[in-house]
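The block underneath contains the structure these notes are about, expressed in structure tokens.
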Amino acid sequence: MQINVLSTIYIIQAALPHLRKQAGRVVVTSSGASTGAYGAWGLYSMSKAAQNSFVRTLAVEEKANGVSVFAVRPGVVDVSLNSICRYV
């Protein structure tokens, strides 16, 4: 939660005044785990779902200020975590 949710909030909060001046964009890395159920990934999935909810809300709130907010889901990334916690 600290990495995926709180750090996202804190960084965006600090950047928003500058982004509003320049009609900036926020891009957050999402995950398929935010919408699916994978064994042993409960906390990670929960944190990514919370992050996506924050991004959706922020996109609505900041539209009037000219700031675009997106969450992108890059797909499967080959990292050591995938070999430890296999999912289909």
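Observations on the model:
- Residues of region 36-54 satisfying the condition of being hydrophobic (A, V, I, L, M, F, W, C), in a helix (DSSP H, G or I) and more than 17 Å from G75 (Cα to Cα): L43, M46, A50, F54
- Number of residues in region 42-63 that are out of contact with any strand residue (DSSP E or B) (no Cβ under 7 Å at 6 or more places or on another chain) and open to solvent by 20 Å² or more (accessible area, probe 1.4 Å): the value is 13.
- Residues that are without any contact (Cβ under 8 Å) to a residue 40 or more places away in the chain, surrounded by 13 or more Cβ atoms within 10 Å (Cβ to Cβ) and closer than 13 Å to E62 by Cα, drawn from region 9-40: A15
- Residue satisfying all of: in region 45-75; polar (S, T, N, Q) and without any contact (Cβ under 8 Å) to a residue 40 or more places away in the chain; nearest to Q22 (Cα to Cα) among these: T57
- From the options A15, A23, residue that is at pLDDT 95 or above and assigned to a loop (DSSP other than H, G, I, E, B): A23
- Residue ID - farthest from L6 (Cα to Cα), chosen from residues in region 55-68 that are assigned to a helix (DSSP H, G or I) and among the β-branched types (V, I, T): V60
The values are calculated or read from the model by the stated rules, or taken from the named source; none is laboratory data. Here the structure is a predicted model, which is why all the values come from computation and not from measurement. Cβ atoms come from the backbone with ideal geometry, glycine included; neighbour counts cover every protein chain shown. Only protein heavy atoms, including side chains, enter the accessible area calculation; ligands, DNA and RNA are left aside. Shrake-Rupley method; radii C 1.70, N 1.55, O 1.52, S 1.80 Å.
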